[in-house]
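The values are calculated or read from the model by the stated rules, or taken from the named source; none is laboratory data. Every value quoted in this text rests on a predicted model; they were computed, and no experiment measured them. Ideal geometry is used to build each Cβ from the backbone, glycine not excepted, and the neighbour counts take in all protein chains shown. Please note that ligands, DNA and RNA were not included when accessible areas were found on the heavy atoms of the full protein model with its side chains. Shrake-Rupley method; radii C 1.70, N 1.55, O 1.52, S 1.80 Å.
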Amino acid sequence: MKFTLQKTDTKSNARTGELITDHGTIRTPIFMPVGTLGTVKAVHQRELKEDINADIILGNTYHLYLRPGVELLKQAGGLHRFNGWDRPILTDSGGYQVYSLTNMRKIKEEGVTFQSHIDGSRHTFSPESVMDIQRTIGADIIMAFDECTPYPCDYEYAKQSLHLTHRWLERCVKRFDSTEGHYGYEQALFPIVQGSTYRDLRQQSAEFVAKQNRLGNAIGGLAVGEPAEVMYEMTNLVCSILPASQPRYLMGVGTPANILESIALGVDMFDCVMPTRNARNGMLFTTQGIINIRNEKWKNDLSPIDETLGGYVSAFYSKAYLRHLIHAKEMLGPQIASVHNLTFYLWLTRQAREQIEQGTFARWKNQILPTIMQRL
């Protein structure tokens, strides 16, 4: 597995690169559709490949561990064979999901004991067990086990949590380096920078993570309720410390504006449930702006959803038809909307890549943002 930095924008810190894995090449900057339970909700693998053309998708350790379970995944030959996706996969360690189970988990030095949100059964995640689970799931990129702090967060708690995350990281690295994958292809471990919204903690964490010298690094604990300008401030600080020769992954971000602004700061990889979650509620991101397809104004609009964007569903189906499906609660409605929104997100990051290569990214970003973020 190898990352090659290709070009850096002269008027920002935006950059392009290629991450070569045994399941294919990931061209950055890139948006990664979220497939928590081994599926990107309402989207077929064929659509992910042929219509959306995703280079990589996500799975989640916590959810896949609970169901279908690691034994079945191992029997199937890993998640790639279980769900039929033959391109790269990244798995989140489950740290964020454990964080969200505030009243159902207990954090200790050894790890986290939690109750399943499905049946209330008790389980324990340790840095070592999370490495083993992700080895069995078989993702190309696996994440270190960390604690994601809430916002707002007390400084002393954020500091203690940060050092716990660092101790867990050392255990993750030790376990990962002393084991091998099950399926004959290479896996890479990405550490995660934490530190809440405190500059000194973020700096400490970024420096600690950089010293691990892994193939890539992630920035976690942002997009959890803090103002956007604070997120950008923390991201900019961390990107100035993490090695330029390794890809940077900003976890759980976000809106099209968040993504373009973070690309300008030097981030390479993104994921977020927003395009598919919002799609199921009738919110569409288009090249002309944001549409609430439920609104009356689209009832008789027989024009394509977004002809400029292209892609099968965006050019084939009309706004009026999609609105009808959403209001009628037909399953096809969320399917069309989800494929469309993911097509838009992949289009956006690929447009950013082209603009960086042409040396026009900064001007293009400032021109396109007011258009794509306006409400139609």
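Miscellaneous remarks
- P(r), alpha carbons of segment 254-376 - 5 Å bins starting at zero, rounded %: 2, 12, 22, 24, 18, 11, 7, 4, 1, 0
- Cα-based shape type of segment 109-221, given that a ≥ b ≥ c are square roots of the gyration tensor eigenvalues and the cut on a/c is 1.5: oblate
- Over all pairs of different C-alpha atoms, segment 32-84 has a mean inverse distance whose reciprocal, the Kirkwood radius, equals 11.4 Å.
- Cross-link reach list, aspartates and glutamates versus K106, counting only Cα pairs under 16 Å and skipping chain neighbours closer than eight places: D146, E147
- Here the Debye sum runs over all C-alpha atoms of segment 1-155 as equal scatterers in vacuum, and log10 of I(q)/I(0) at q = 0.10, 0.13, 0.16 Å⁻¹ comes out as -0.42, -0.69, -0.96.
- Local electrostatic count, Y198, Cβ distance below 13 Å [Lys/Arg +1, Asp/Glu -1]: -2
- When the trypsin sites (Lys or Arg not before Pro) in segment 8-87 are filtered for DSSP coil states and for at most 16 other beta-carbon atoms within 10 Å of their beta-carbon, the remaining sites are K11.
- Local electrostatic count, G17, Cβ distance below 9 Å [Lys/Arg +1, Asp/Glu -1]: +1
- The orientation-averaged projected area of the convex hull spanned by the Cα atoms of segment 1-93 comes to 7.0 nm².
- For the chain, taking Cα atoms only, Rg and Dmax work out to 20.3, 62 Å respectively.
- For segment 292-335 versus segment 249-265, the gap between their alpha-carbon centres in whole angstrom: 27 Å
- For the chain, built as a Gaussian network whose Cα springs stay under 10 Å, the top-fluctuating residue of S338, S129, S314: S129
- Cα gyration tensor shape for segment 182-231, rounded if a/c is under 1.5, else prolate or oblate: oblate
- Segment 248-376 - percent of accessible surface contributed by carbon and sulfur, probe 1.4 Å: 50 percent
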